[in-house]
Amino acid sequence: MKKVFTCIICPNGCNITAEIDGENIISILGNGCDKGMQYVKQELTVPKRTITSSVLVENGIIPLASVRITDPIPKERIPDMMTYIRSIKVAAPVEAGFVIDPNALGLETKLIVTKSVPYERKQK
């Protein structure tokens with residue numbers, strides 16, 4: 001069976017056509033580098049993705065801070081991770097690089113802040 005993949009490992013976004021039998025790759029065409037082959041193998045066995053989102057910030061100059069996970073997680077766990085991220089509130093000030101959770105959902109990925117949000121000083 002032939003299957004087409006768009007590789008997301010690098011910005012090239014190669015369109016890869018793979019002849020597959022179950023989880024076995026018989027042939028592969030279109031990958032611009034070895035990473036394309038690795039991507040197809042991963043997609044056939046355990047597809048993974050990274051996530052970017054935002055968390056609520058209390059008393060910040062803006063109400064949200066962008067966050068991301070540092071390592072890809074199994075694709076089927078994305079809804080769980082998004083539910084978890086939506087439940088989080090952090091207090092301002094929060095700095096980019098701050099680790100909210102060093103082992104988010106036990107999936108061996110950190111959840112980190114990617115945008116600093118200063119504390120909002122109230123005018124009197």
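Between Lys115 and Asn103, with labels modelled 7 Å along Cα→Cβ, what's the label distance in nm to one decimal, could you check?
Label at Lys115, label at Asn103, 3.1 nm between them.
Just to be sure I understand: if I project the alpha-carbon convex hull of the stretch 52-113 onto a plane and average over all orientations, what area do I get in nm²?
It is 3.8 nm².
What relative contact order, as a whole-number percentage, does the stretch 52-113 give when Cα pairs under 8 Å and 6 or more residues apart are counted?
Once normalised by length, the contact order is 38 percent.
Measure out, as a whole number of angstrom, how far apart the alpha-carbon centroids of the stretch 93-112 and the stretch 1-68 sit.
Cα centroid to Cα centroid, the span is 21 Å.
Cα-based count: Lys pairs in the chain below 27 Å, eight or more positions apart or different chains?
24
How charged is the neighbourhood of Asn103? Take every other residue with its Cβ under 13 Å from the Cβ of Asn103, and add Lys/Arg as +1 and Asp/Glu as -1.
Combined, the nearby Lys, Arg, Asp and Glu give -2.
So which GluC sites (Glu not before Pro) in the stretch 42-124 pass both tests, a DSSP loop state and at most 13 other Cβ atoms within 10 Å of the Cβ?
Here the GluC sites (Glu not before Pro) that fit, given the DSSP loop and packing criteria, are Glu95, Glu108.
Report the relative contact order of the chain, percent, no decimals, based on alpha-carbon pairs under 8 angstrom and at least 6 residues apart.
19 percent
Over the stretch 2-45, what portion of Cα pair distances is larger than 12 Å, expressed as a whole percent?
Every Cα pair in the stretch 2-45 considered, those over 12 Å come to 49 percent.
With the crude spin-label approximation of a point 7 Å out along Cα→Cβ, what separation in nm comes out for Ile28 versus Lys2?
If labels sit at Ile28 and Lys2, their model points lie 1.8 nm apart.
R0 = 25 Å: FRET efficiency of Met37 with Lys75, Cβ-based, nearest 0.05?
0.85
In percent, what relative contact order does the stretch 2-45 have, based on Cα pairs under 8 Å that are 6 or more apart in sequence?
Reported as a whole number, the value is 33 percent.
Working from the alpha-carbon coordinates of the chain, get Rg over Rh, Rh being the Kirkwood radius.
On the Cα set of the chain, Rg over Rh gives 1.15.
All of the numbers you see were taken from the coordinates with simple rules; none came from a lab. This is a predicted model, so every value here is computed, not measured. Backbone-built Cβ (ideal geometry, glycine too); neighbour counts: all protein chains shown.
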